[in-house]
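Shown next, in C-alpha cells, is the structure this report addresses.
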Amino acid sequence: MSETRTLTTTRDARRPAPPAAPVRSEKSHRRRGKILLYVAMSLFGMLFLFPLVFMFVSSLKPDAQILQDVDSVNAFLPTGDISLDNYFGVFDRVPVAQFLFNSVFVTVLTVGLGLIVNSMAGFALSRLEWKGRIVVLALVIATLIVPFETIAVPMVYWVAQLPTLVIEGGVLKYDFGWLNTYEVQIVPFIANAFSIFLFTQYFSTIPKSLDEAARIDGASWFTIYRRILVPLSGPAFATVAILTFLPAWNQYLWPLMVVQKEELRPVMVGMQYFFQLNTAWGEVMAYTSLITLPVLIVFLIFQRAFVSSIAASGVKG
Amino acid sequence: MTVTPPTVAAEEPRRELRRFRSIKGRETWAGLGMIAPAGILLVLFLIIPVILAFTLSFTNARLISPNPPRFVGMDNFVRAFTADPLFVQSVGNTAVFALVVVPVQAALGLLLAVLVNRRMRGVTAFRVIFFIPVVTSIVVVSILWKFMYQQDGLINSMIDALTFGLWSGADWLNDPQTALGAIIFMSIWQAVGFHMIIWLSGLQTIPEELYEAARMDGASPWRQFTNVTWPGLRPTMVFVLVTITIAALGLFVQVDVMTQGGPQGATSTIVFHAVRKGYEQQEIGYAAAISLIFFVAVLIIALIQRRVTREKD
C-alpha cells in the first residue's frame, strides 16, 4: 500500500542525519510513535474500505465465484472469471438509464432551487430589517428539530390531496393528488431550515456597509443580493449544495411511499427490483457499484470542499 | 393630528422621517418578498404536516378509505402502550440502539479525529478513506452488509480465519440474539467518518500555543489530552451528541433493507413500526400517534442533553 512509500519519503526528507546520542534516542522514540500511528490508521483504513472493495470486485465475477471466493483473500481480488457481464445483466433487468435520469433530475432541481430559495430567505433574515423578522428566524430555528421521519406518514396523506395541474388531451385541467409525480420528489425538499440557518449565519459575517453603499447608488435589495452577496458567498453555497446533494441522491423512504410508477422511481428504490425473484448477487453488486460510483467520483474530486462543508455545519454556537 | 408649526427648522426632521419610513416600508416588502418562497414551502411541507400529525393522531384515519376520519380521543396512544407489544419492543430496540451507538460512535469518531489531526504525509488520504462510507448510500451499505452477514458470508469466513477456526461466527441477521448488534456495528461503521470530521474541526480550533505550554511543563500526551484537548472540545461535543442521538433515534433504512424488523421483532424500531402501520397497513391515525410519541421523545431527549451539557460550563 502507499503508506509504506510515504513513510520512507518522510524519513528521508525530514530526518537526514540524527546527530548526537541523546537527541537520537528521542528521535527514534518519536519515529516509533509515527510508525505506530501509520499502522493504526492503515488498520482502520482497511476496515473502512474492505466492504466497498468487496463490492466492486464482486461486481465483476459470476455468482458461483463470488460465493466460492468468500473463503479466501480472493474475495478482495479481481481474480478468476472477470467480466462486465453483470453490468450488461443489470441493464437487461431494470431500466437503469431511466432510474439514473430520475435521480439526477430530482437531485439537480432540489439542490439548485434550494440554493436560490434558501439563500434569499437567509438574505431576508440576516440583512433586512422588517417586522416579524425575529419571530420568523426563531420559527425557522425551531423547525430544525423536527425529524423528517415523524412527518413522513402524515405527509403522504397530505400530498395525496394537494391540487396539481395536468394536461389531458391538450387541455389544462387541475386534479388532486401529487402521488406518482416528479414534483412530489422535489418540491417538499426545496426549502430547508438548516440551509436557511447556514446562509443566515454566513451572510451576517459580510460587512453591512456594502449594502449601504449600494443603496446610496440606488440598487434595489434584490440587486444587492444578486450582485453583492451571492458572489461573495461561494463557500456558503458550496456547503449547502454538498449537504443537500447527498440526502437528495440517497432518497429512499419517501419515494418508496409516494412513487409507484416504475418510470418515475429513483436509483435507490430501483434496488428492490433485484430481490423480487431469485437474487442474482453479481448483478446486485454491479447495480450498487453503478449507483455508488458517481457519488464517489464527485466526492473524490471535491473532497476538500466536502470536508470543510461538514466541518462548517458543525461549527455553530 | 397636530398642527404643524410653520417653522423651517421643524420641517426638516419631519421630511427626513417620512423618507426614512418609506425606506423602511420598502425594506419590509423586500424582506417579506424574499422570505416568501421558502416561507410558503416550509408552511406547506413542514408546519402543516406537523399539525396534521398532531390532529390525525386523535382520529382513526386510514390512507385510502371511503369513510371520513372519526375522532377517537386518546385511543391510539392507549393502544400503543397497552395493546401493541411490537410497539413496546420497538421502543426498547430504539433505546438500546441509541444507548450503544451514541457513546461508541462519538468516542470512535474522536479517536479517528485525533489520529488524523496532524501534519503528516498521507494523512489527508486517511481522512478521505474514513469518510468514504459516509458518502455511500445507506441503502447500498445495508444491502452489502446483509450479504456479508450471511451464515456462510464474508464476515464469518473472516472471523473463522482470524480466530484460527475456534469460532465461526453466527447467523447474524437471522438470530434474534445478534440481529440488532449486527445492525449497530454496521451503522457505527457507516457514519463514524462524519463525526470524525466534526471532531476534527473542533480540534483545529484549539490553539497550538496551549499544547506548547503543556509540553514545556512536561505534560504527557494523555495529560495534554485531558487538560487541553478535552476542555477545548466542549461545544463540539454538544453538537456531536445531539446529532448522533437524533440520527440514532430515527433508525429506519437499515432495518427496512436488512431485516424488516425481524427476527421476532428483534430489530423493529419506532420509525419502522410507524411506517409499517401507517403505510403498509394504512392505519394513518395510529401511525401519526406513534410519530407524535417519537417526536416528543426526541424533543425531551434533546432538551435534556442541552441542559446536562450546558450546566457543566
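Could you tell me which of A:35, A:67, A:88 has its Cα farthest along the dipole of chain A towards the positive end, charges placed at Cβ (Lys, Arg +1; Asp, Glu -1), taken about the Cα centre?
Result: A:35, furthest along the dipole toward the positive end.
Using the Cα atoms as the points, what is the convex hull volume per residue of region B:79-225 in Å³?
Hull volume over Cα atoms, normalised by residue count, gives 186 Å³.
What is the Å³ per residue value for the convex hull set by the Cα atoms of region A:152-277?
With only Cα atoms used, region A:152-277 gives 168 Å³ per residue.
Select from chain A the helices, each a whole stretch of DSSP H, whose alpha-carbon atoms run 27 Å or more along the helix axis and whose Kyte-Doolittle mean is at least -1.0; answer none if there are none.
A:21-58, A:96-127, A:281-301
Give the distance, in whole Å, between the Cα centre of region A:96-154 and the Cα centre of region B:141-198.
If we compute the Cα centre of each part, the gap is 36 Å.
Taking all protein chains together and a probe of 1.4 Å, list B:119, B:223 from the most accessible to the least accessible. The partial results should precede the final answer.
On the way: B:119 225, B:223 135 Å².
Sorted descending by solvent-accessible area, the residues read B:119, B:223.
Return one quarter of the surface area of the convex hull spanned by the alpha-carbon atoms of the protein assembly as shown, equal to its mean projected area, in nm². Can you show the working numbers first?
Details: hull surface 166.0 nm².
Orientation-averaged projected area of the Cα hull: 41.5 nm².
Determine the shielding of peptide A:286-295 by partner chains: average, over its residues, the number of Cβ atoms on other chains within 10 angstrom of each Cβ. Can you show the working numbers first?
Values: counts 0, 2, 8, 1, 0, 4, 7, 0, 0, 5.
Whole-number average of other-chain Cβ neighbours for A:286-295 is 3.
Pick from A:274, A:245, A:48 the residue whose mean-square fluctuation is largest in a GNM of chain A, springs joining Cα atoms under 10 Å.
Residue with maximal mean-square fluctuation among A:274, A:245, A:48: A:48.
With every protein chain kept in the model, how would you rank A:145, B:51 by accessible area, 1.4 Å probe, largest at the top?
Descending accessible area places them as B:51, A:145.
Along region B:282-291, what does the Karplus equation 6.51 cos²θ - 1.76 cosθ + 1.60 (θ = phi - 60°) give for ³J(HN,Hα), rounded to whole Hz, x for Gly and Pro?
Residue by residue, region B:282-291 yields 6, 8, 5, x, 5, 4, 5, 4, 4, 4 Hz.
Under the rule of -39500 (n - 2.57) per DSSP H run of 4 or more residues, summed and divided by the residues of the protein assembly as shown, what mean residue ellipticity at 222 nm is obtained, to the nearest 500 deg cm²/dmol?
-21500 deg cm²/dmol
How big is the dipole moment of chain B about its Cα centre under a simple scheme where the beta carbon of each Lys and Arg is +1, that of each Asp and Glu is -1, and everything else is neutral? Debye, nearest 20, please.
The dipole of chain B has a size of about 1100 debye.
So for region B:209-307, Kirkwood radius off the Cα pairs, Stokes-Einstein at 10 °C and 1.306 mPa s: how many µm² s⁻¹? Before the final figure, lay out each step's value.
On the way: Rh = 16.7 Å.
Translational D for this selection: 95 µm²/s.
Counting only Cα, what are the radius of gyration and maximum Cα-Cα distance Dmax of chain A, in Å?
26.3, 91
Hey, could you get me the Stokes-Einstein D for region B:30-83, Kirkwood radius over alpha-carbon pairs, 4 °C and 1.567 mPa s, rounded to whole µm² s⁻¹?
Rounded to a whole number, D works out at 96 µm²/s.
Share of the protein assembly as shown's accessible area from carbon and sulfur, percent, 1.4 Å?
Exposed carbon and sulfur together represent 66 percent of the surface.
List the relative contact order of chain B as a percent without decimals, with contacts defined as Cα pairs under 8 Å and 6+ residues apart.
It rounds to 28 percent for chain B.
Not counting ligands, DNA or RNA, and with a 1.4 Å probe, what is residue B:306's accessible surface area in Å² rounded to the nearest 10?
Only protein atoms counted, so the area is about 110 Å².
Counting only other chains, and only Cβ atoms inside 10 Å, what mean value do you get across the residues of A:45-56? All intermediate terms of the calculation are to be shown ahead of the outcome.
Details: counts 7, 1, 4, 13, 4, 3, 14, 7, 0, 4, 7, 0.
Other-chain Cβ atoms within 10 Å of each residue's Cβ, averaged: 5.
Where is the GNM fluctuation largest for chain B (alpha-carbon springs, 10 angstrom cutoff): B:200, B:86, B:44?
The residue with the greatest mean-square fluctuation here is B:44.
Tell me the per residue accessible area of the protein assembly as shown using a 1.4 Å probe; a whole number in Å² is fine.
On a per-residue basis, 50 Å².
Given the options B:186, B:196, B:158, which has the most mean-square fluctuation in a GNM of chain B, springs set between C-alpha atoms less than 10 angstrom apart?
B:158
Once A and B are treated as a pair rather than alone, how much accessible area drops out, both sides summed, in Å² to 100, probe 1.4 Å? Walk me through the numbers on the way to the answer.
Working: alone 19380 and 19930 Å², together 31200 Å².
For A against B, buried area totals roughly 8100 Å².
Residue by residue through B:142-153, how many Cβ atoms from other chains fall within 10 Å of the Cβ on average? It would help to have the intermediate numbers written out before the result.
Working: counts 2, 10, 9, 1, 2, 11, 6, 0, 3, 0, 3, 3.
The per-residue average across the peptide is 4.
Please report, to two decimal places, log10 I(q)/I(0) for chain B at q = 0.08 Å⁻¹ as given by the Debye formula with identical point scatterers on the Cα atoms and no solvent.
Scattering profile of chain B, log10 relative to I(0): -0.58.
For region B:138-180, what percent of Cα pairs sit more than 16 Å apart? Write out the running numbers ahead of the final one.
Numbers: 347 of 903 pairs.
When all Cα pairs of region B:138-180 are counted, 38 percent exceed 16 Å.
Using alpha carbon centroids, what distance separates region A:54-69 and region A:248-317, in Å?
Cα centroid to Cα centroid, the span is 21 Å.
The values are calculated or read from the model by the stated rules, or taken from the named source; none is laboratory data. These numbers come from a predicted model, not from an experiment. Note that we place each Cβ from the backbone using ideal geometry, even for glycine, and neighbour counts take in every protein chain shown. The area values use the complete protein model at the heavy-atom level, side chains included, leaving out ligands, DNA and RNA. Shrake-Rupley method; radii C 1.70, N 1.55, O 1.52, S 1.80 Å.
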